[in-house]
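*Asks:* For reference, the structure I am asking about is given below.
The values are calculated or read from the model by the stated rules, or taken from the named source; none is laboratory data. The model shown is predicted, which means the values in this text are computed figures rather than measured ones. Positions of Cβ are backbone-derived with ideal geometry, glycine not excepted, and every protein chain shown enters the neighbour counts.
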Amino acid sequence: MADIIRTVSTAISLATRLREIGKSIEDAEFKNVLAELSLELADAKLKIADLISENTALKGKLEEVTSATGERCPKCSNRTFQIIATRPHRTLGRLGTKERDYECSSCHFKESKLIN
Ligand SMILES: [Zn+2]
């Protein structure tokens, strides 16, 4: 990824050099195309920086999901289905029944289970 940034930076430098060379050329079309090229390259550099940032975030998320060891989520099947709360069941609590709330940290699916 850093190679791509370096490549675009080099291309921007070349465009800048062309702009300097172009000062001695009185061709308006040449100058317009050069200005357009410089803008496109600067835009490409910004977009690549965004992609690198997004890629880094996605790699982190993927690592989080693939290394999870929790229960398998019934909705997305990732092992990121975890207990977020446990309490005695409203009516069966006196008999030892508990109600557990689960939430998946990947897809945010929520479900409660009764535990006897
Ligand atoms: Zn899920």
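*Asks:* Got at least one residue in segment 33-40 being within 16 Å of the ligand (Cβ to nearest atom) and modelled with pLDDT under 90?
*Replies:* Step one: filter segment 33-40 for residues within 16 Å of the ligand (Cβ to nearest atom), giving none.
No: segment 33-40 contains no residue that is within 16 Å of the ligand (Cβ to nearest atom) and modelled with pLDDT under 90.
*Asks:* OK, next. If you go through segment 81-116 one residue at a time, how many are away from the ligand (no atom under 14 Å from the Cβ) and of a type in the set (Gly, Ala, Ser)?
*Replies:* So the answer is 4.
*Asks:* Which residue, of LYS61, LYS45, LYS110, is among the basic types (Lys, Arg) and surrounded by 13 or more Cβ atoms within 10 Å (Cβ to Cβ)? Please lay out each step first, then the result.
*Replies:* Details: LYS61 fails: surrounded by 13 or more Cβ atoms within 10 Å (Cβ to Cβ); LYS110 fails: surrounded by 13 or more Cβ atoms within 10 Å (Cβ to Cβ).
So the residue among LYS61, LYS45, LYS110 that is among the basic types (Lys, Arg) and surrounded by 13 or more Cβ atoms within 10 Å (Cβ to Cβ) is LYS45.
*Asks:* Now, a different point. Quick one: in segment 64-80, of everything that is at pLDDT 90 or above and either part of a helix (DSSP H, G or I) or in contact with a Ser or Thr (Cβ under 8 Å, 6 or more places away or on another chain) (or both), which residue is farthest from the ligand (Cβ to nearest atom)? Talk me through it step by step, then tell me what you get.
*Replies:* Taking segment 64-80 first, the residues at pLDDT 90 or above are 71-80.
Retained after the next criterion (residues that are either part of a helix (DSSP H, G or I) or in contact with a Ser or Thr (Cβ under 8 Å, 6 or more places away or on another chain) (or both)): 73, 76, 78-80.
Details: CYS73: 3, CYS76: 3, ASN78: 5, ARG79: 9, THR80: 6 Å.
Across segment 64-80, the extreme among qualifying residues is ARG79.
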